[in-house]
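Data block below; observations after.
Just so it is clear, none of the values below were taken in a lab; they were calculated from the coordinates. This is a predicted model, so every value here is computed, not measured.
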Amino acid sequence: MSLQSYLKQFEPGHFLEAASDFHFLVYITSIDLVPIKENIKHLIDAIKAKDMLQAYHWREEQPWATLEQLLQENVTGLTSSDEWTCKQCTYINQGRLVCDMCGYPKD
């Protein structure tokens with residue numbers, strides 16, 4: 001399951017619940033695209049205190065906000081997606097709905 005799929009299981013106001021999973025914490029600290037390890041202590045403090053507001057504030061700060069932006073842009077390596085070949089230019093794409101090379105739609 002991708003990080004994006006995992007997060008979609010939770011309502012927007014339930015980030016603390018999503019973040020309370022040990023495997024989630026281990027995974028996000030292993031992502032090298034953003035320096036989450038450097039400020040994970042604040043999230044762990046929020047989890048220990050069961051403080052939804054503190055977890056929400058952590059979510060709004062960098063680097064998590066950057067990671068969420070990357071997820072929205074469907075960065076390869078953060079999401080599990082199937083390769084597909086563009087019918088227009090034959091470029092091999094990674095999961096997006098339009099071709100990265102020519103902009104032709106997937107279907």
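Numerical summary
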read-out: Cα-based Lys proximity count in the chain, under 24 Å, for pairs eight or more positions apart or on separate chains; value: 9
read-out: Average Cα contact separation per residue, region 3-72, under 8 Å, 6 or more apart, as relative contact order %; value: 31 percent
read-out: Given (1) 0.96; (2) 1.11; (3) 1.08, the label whose value is Rg/Rh (Cα atoms, Kirkwood Rh) derived from this model; value: (3)
